[in-house]
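Everything on this sheet refers to the single structure shown next.
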């Protein structure tokens, strides 16, 4: 009779232990998925936000050089090859834009970047230096102002893109914090399950049958 009771208790113990082990296994699966998501989130913060902010800075530098050349800021500068230099800066900008376009863009980013690209490709595509300067009239201030206005619009697009990097970066960091907090909760849950597992094993397997009689 005692052997039968002991076997029954062992079966119950195995069932309870099996359930607890399944819960621990399920928890580990969720934890792995959580860590993968956290890893992907931080990768996205770096590749699609921090790196992109670097792209914006490089583009701004090239755009600044274009504006200096258009405005004839340095009167001692040799402007005989200014169109080629402007074209070189524009090509550098468009090469960066290609890398920018390969990142994970939001709808707003795609809109601002598309507008910026059109300005560089169309509005600032200066074919002749005579549009900027002639020996007879000097600097064509009216035309230069038009180009400056286009550059200002391009800068506004860059500012909007930079602002999006901050906003999206904050969203990703908040998402990562939620996942980390959730992982901490799951870790506490795992500890609780392990404690329960130890207690169940002790009560149902290691206590003498006489002391357990009537309890189960």
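What the table shows:
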read-out: Net length gained if the chain between residue 58 and residue 152 were fully extended (0.36 nm per residue, minus Cα distance); value: 32.2 nm
read-out: Folded to 0 to 90 degrees: helix 82-101 orientation relative to the chain principal axis, Cα; value: 20
read-out: Efficiency of FRET between residue 135 and residue 92 - r from beta-carbon atoms, R0 35 angstrom, step 0.05; value: 0.70
read-out: Shape of region 1-113, Cα gyration tensor, a/c cut at 1.5; value: prolate
read-out: Solution diffusion estimate, µm²/s, Stokes-Einstein, the chain, Kirkwood Rh from C-alpha pairs, 25 °C, viscosity 0.890 mPa s; value: 107
read-out: Degrees separating the helix 2-44 axis from the principal Cα axis of the chain, which is the longest one; value: 10
read-out: Sorted by Cβ density within 10 Å, fewest first, the residues 101, 44; value: 101, 44
read-out: Estimated FRET transfer efficiency when R0 is 25 angstrom, pair residue 193-residue 46 (beta carbons, to 0.05); value: 0.10
read-out: Helix 107-118 axis, angle to the chain major axis (alpha carbon atoms, nearest 10°); value: 20
read-out: Neighbour-count order for 42, 116, 133, fewest beta carbons within 10 angstrom listed first; value: 42, 133, 116
read-out: Cα extents of region 159-205 along the three principal axes, largest first (Å); value: 68, 8, 5
read-out: Cut-off 18 Å, label 7 Å out along Cα→Cβ of residue 77, residues of region 127-146 by amide N; value: 127-135, 138-146
read-out: Amide N of region 37-51 lying under 20 Å from the label point, which is placed 7 angstrom from the Cα of residue 185 along Cα→Cβ; value: 37-39, 41
read-out: Segment residue 84-residue 123, length gained on full extension (0.36 nm per residue, minus Cα span); value: 12.4 nm
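Here, each number is a calculation from the coordinates, and none is a lab measurement. Source: prediction; values computed, not measured. Neighbour counts run over all protein chains shown; Cβ positions are idealised from the backbone, glycine included.
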